[in-house]
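The values are calculated or read from the model by the stated rules, or taken from the named source; none is laboratory data. Predicted model only: the values in this text are computed from it and were never measured. Positions of Cβ are generated from backbone atoms using ideal geometry, with glycine treated the same way; all protein chains shown enter the neighbour counts.
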Amino acid sequence: MPEFLERQALETFQRDGFLAFDPKIPAAEIDSIRQMLMTLHESDTGFAEGALFDAIGVDDGQQPRRFPQILHPRAFAPGLLQTSFYRTAEAIARQILGEHVRFKADISLLKPARIGAATPWHQDEAFQDPANEHHELSFWLALQPTDRSNSCMEFIPGSHNWPVLPHGFPDGDPRVHALECSTGFDPSEAVPCALPTGGCTIHTQRTMHYAGPNTSDRPRLAYVLIFDLLPTPAKTPRSFPWREQHRTARAQREQAWRRRGGLLVHLWRQRHRVRAETLLFDLRRAIAAMRRLHRRPI
Ligand SMILES: O=C(O)CCC(=O)C(=O)O
């Protein structure tokens, strides 16, 4: 596979922990990705199973959603992975993380016109199991021109070398899905990454990032692909207390769905990740997921 990122871009990414670049996706493909995602959002696809949710707010289905997201939209529109965007992102992920890289997840991120909420400052690893260290890359594809007026991504250079900083919940409300980091860094160092339609940013699981509200008259839609390596045991013990405190309506819908048999559907959807060298890890995770279903009250 030819190397996609040139040396200078690679060095910039390694220095800063993020990169804005042009993945050269044909315009027709961008239109097709946008249409597939908007169709899913407009039909509320995945709400009952916790795949569609509002990342800001209590997500009770009563209020207009200010940051609707759909987890693994490829499960509902498989064409999303038959794209040059997927192939390019995978090639770059391999270039950066090496040959053992796996596709992890995709997410659709919509910010409705005028009411689209800001994404609080956070590091993606704060959502994950602190017993393991994670090694992942997110490819954030802009499906319309994006700048500060309609919520472009903003990053703190060099933050990918930091540990995971303390996180909490916006307004201290554990029912909100989003996590917020409000200490240990200076937001005035943020670098906004305005992008044209089809432009893309890459960031790591520790890169501190944010996106402002959508104050424009058009929805802002982004499609994210995440690639990772097998997590490795954390070198020093860590605890992320916010993970135990989190009580989202999304997680409750997902748990109820999994108990009704959705867990098997979920594991089937993850089958592409299974490799000989990761089998043991994946098996342990599947068993832990089954145990959790019976332990926690809904
Ligand atoms: O699109 C946004 O507003 C935030 C995206 C984000 O946090 C991510 O891709 O990790």
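Scan the stretch 145-157 and give yes if some residue there is modelled with pLDDT of 95 or more, acidic (Asp, Glu) and under 12 Å from HIS209 (Cα atoms), otherwise no.
yes
Can you name the number of the only condition in (1) part of a helix (DSSP H, G or I); (2) buried (at least 16 other Cβ atoms within 10 Å of the Cβ) that TYR223 fails?
Single failed check for TYR223: (1).
Tell me which residues, restricted to the stretch 14-33, are surrounded by fewer than 19 Cβ atoms within 10 Å (Cβ to Cβ) and either of a type in the set (Gly, Ala, Ser) or under 18 Å from the mean Cα position of the chain (by Cα) (or both).
Matches in the stretch 14-33: ALA27, ALA28, SER32.
Taking only the stretch 115-138 into account, find how many residues are within 11 Å of the ligand (Cβ to nearest atom) and of a type in the set (Val, Ile, Thr).
Within the stretch 115-138, residues that are within 11 Å of the ligand (Cβ to nearest atom) and of a type in the set (Val, Ile, Thr) number 1.
Which ones in the stretch 101-116 are within 23 Å of ILE156 (Cα to Cα) and more than 16 Å from the chain's Cα centre (by Cα)?
Passing the criteria: only GLY116.
Could you list, in sequence order, the residues of the stretch 111-157 that are of a type in the set (S, T, N, Q), over 26 Å from SER188 (Cβ atoms) and outside any loop (DSSP other than H, G, I, E, B)?
ASN132
Taking the residues in the stretch 199-252 that are aliphatic (A, V, I, L, M) and within 22 Å of ARG285 (Cα to Cα) as candidates, determine which candidate is nearest to the ligand (Cβ to nearest atom).
So, considering only residues that are aliphatic (A, V, I, L, M) and within 22 Å of ARG285 (Cα to Cα), the one nearest to the ligand (Cβ to nearest atom) is ILE226.
Name the one entry in PHE47, PHE53 that is more than 16 Å from the ligand (Cβ to nearest atom) and among the aromatic types (Phe, Trp, Tyr).
PHE47
Among GLU11, GLU6, GLU49, which is over 17 Å from VAL176 (Cβ atoms) and under 22 Å from the mean Cα position of the chain (by Cα)?
Step by step, each of GLU11, GLU6, GLU49 is checked, and only GLU49 is over 17 Å from VAL176 (Cβ atoms) and under 22 Å from the mean Cα position of the chain (by Cα).
Looking only at residues in the stretch 81-105 that are within 15 Å of the ligand (Cβ to nearest atom) and crowded, with 21+ Cβ neighbours inside 10 Å, which one is farthest from GLY198 (Cα to Cα)?
The selected residue is ALA93.
Which strands (runs of 3 or more DSSP E) sit wholly inside the stretch 12-90 and have at least 2 residues that are farther than 26 Å from HIS266 by Cβ?
18-21
Which one of these is within 23 Å of LEU110 (Cβ to Cβ) and either more than 19 Å from the chain's Cα centre (by Cα) or among the aromatic types (Phe, Trp, Tyr) (or both): PRO196, PRO170, PRO219?
PRO196
When the residues of the stretch 81-100 are filtered to those that are without any contact (Cβ under 8 Å) to a residue 40 or more places away in the chain and farther than 12 Å from PHE139 by Cβ, which remaining residue is farthest from the chain's Cα centre (by Cα)?
GLU99
From the list THR278, THR236, which residue is touching a Leu at 6+ places or on another chain (Cβ under 6 Å) and either closer than 27 Å to THR83 by Cα or in a loop (DSSP other than H, G, I, E, B) (or both)?
None of the other options fit; the residue is THR278.
Out of all the residues in the stretch 190-207, is one or more among the hydrophobic types (A, V, I, L, M, F, W, C), outside any loop (DSSP other than H, G, I, E, B), at negative phi and surrounded by fewer than 18 Cβ atoms within 10 Å (Cβ to Cβ)?
Checking the stretch 190-207: at least one residue is among the hydrophobic types (A, V, I, L, M, F, W, C), outside any loop (DSSP other than H, G, I, E, B), at negative phi and surrounded by fewer than 18 Cβ atoms within 10 Å (Cβ to Cβ).
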